[in-house]
Amino acid sequence: MKKKYIELFKKHIKRDGAEELLEWLEKTDFFFAPASSRFHGAYEGGLVSHSINVFEQLVDLVSKEETIKILNTDIENLAVIGLLHDVCKANTYEVYQRNVKNEDTKKWEKVDSYRFNEKFTFGHGEKSVFLIERFMKLTVKEAVCIRYHMGAYEGERAWNALGNAFEKFPLALLTHFADMKATHFVETI
């Protein structure tokens, strides 16, 4: 998946700083980290797979030419948003062992698992925007889409801002849909 991600990144993201961002990602655990500790993509490489899936679902959601015109977007916007929306998860998971009961033997066994260990406490979407902008400029639309890709999972305190973001930037709502479609359909099949 790393090879596919890098090919998509280099093909679609051409702006200043993109190469430096990709070099930084390669120095992190981004390409072998899980996407979560217990839910979607809770396996080695889950994060990069999920990022590709979100990009592909976002492209699918806006693939009609008239939708692209209405949203005033292009493939580079979609690649930046989809491929980079979860860079905040790089270097945040650690492997540990937990006890799990083997249903066949009825004995407890130690198994490797992941746990979330955030070292840089910033909001989920905000952290991705912050990390990306250390290397490459985002458009306002891209920043809003990445910031609010979690939708209502952001929590009640963010709902007013979320509603405003979705109203002003419909692509942010489609980004959330792409994330949910990737998580709950593509990655569960």
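Please treat every number below as a calculation from the coordinates, not as lab data. For clarity, every value in this text was computed on a predicted model and none was experimentally measured. Using ideal geometry, Cβ is built from the backbone for each residue, glycine included, and neighbour counts are taken over all protein chains shown.
Calculate for the chain the 222 nm mean residue ellipticity that helices alone would give, adding -39,500 (n - 2.57) per DSSP H run of length 4 or more and normalising by residue count, nearest 500 deg cm²/dmol. That calculation yields -15500 deg cm²/dmol at 222 nm. Can you find, among SER36, HIS149, ASN164, the residue sitting farthest towards the positive end of the charge dipole of the chain, where Lys and Arg contribute +1 and Asp and Glu -1 at Cβ? With unit charges placed on the Cβ atoms, the residue in question is SER36. Checked against a 29 Å cut-off, the cross-linked pairs LYS2/LYS107; LYS4/LYS141; LYS2/LYS101; LYS3/LYS168; LYS2/LYS181; LYS27/LYS69 give Cα-Cα distances beyond that limit for LYS2/LYS107; LYS2/LYS101; LYS3/LYS168; LYS27/LYS69. About its Cα centre, the chain has a charge dipole of approximately 320 debye under the convention of +1 per Lys or Arg Cβ and -1 per Asp or Glu Cβ, with nothing else charged. Computed about the Cα centre, the dipole magnitude for the stretch 58-107 is approximately 500 debye when only Lys and Arg (+1) and Asp and Glu (-1) carry charge, each at its Cβ. The magnitude of the dipole of the stretch 16-66, with charges of +1 and -1 set on the Cβ of Lys/Arg and Asp/Glu and taken from the Cα centre, is near 400 debye. Size descriptors for the stretch 119-189: radius of gyration and Dmax over Cα atoms are 12.6, 36 Å.
The trypsin sites (Lys or Arg not before Pro) found in the stretch 1-102 that occupy coil by DSSP, while having at most 14 further C-beta atoms within 10 Å, are LYS14, ARG15, ARG38, LYS64. Restricting the trypsin sites (Lys or Arg not before Pro) of the stretch 102-163 to loop positions (DSSP other than H, G, I, E, B) with no more than 16 neighbouring Cβ atoms within 10 Å leaves LYS106, LYS107, LYS119, ARG134, LYS137. Were the residues from GLU118 through LYS69 laid out at 0.36 nm apart, the gain over their Cα-Cα distance would be 13.8 nm.
Report the far tail of the P(r) of the stretch 52-189, meaning the percent of Cα-Cα pairs longer than 26 Å. Distances greater than 26 Å cover 33 percent of the Cα pairs. A dipole drawn for the chain from +1 and -1 charges on Cβ atoms has a positive end, and of GLY125, VAL111, LEU8 the residue lying farthest that way is VAL111.
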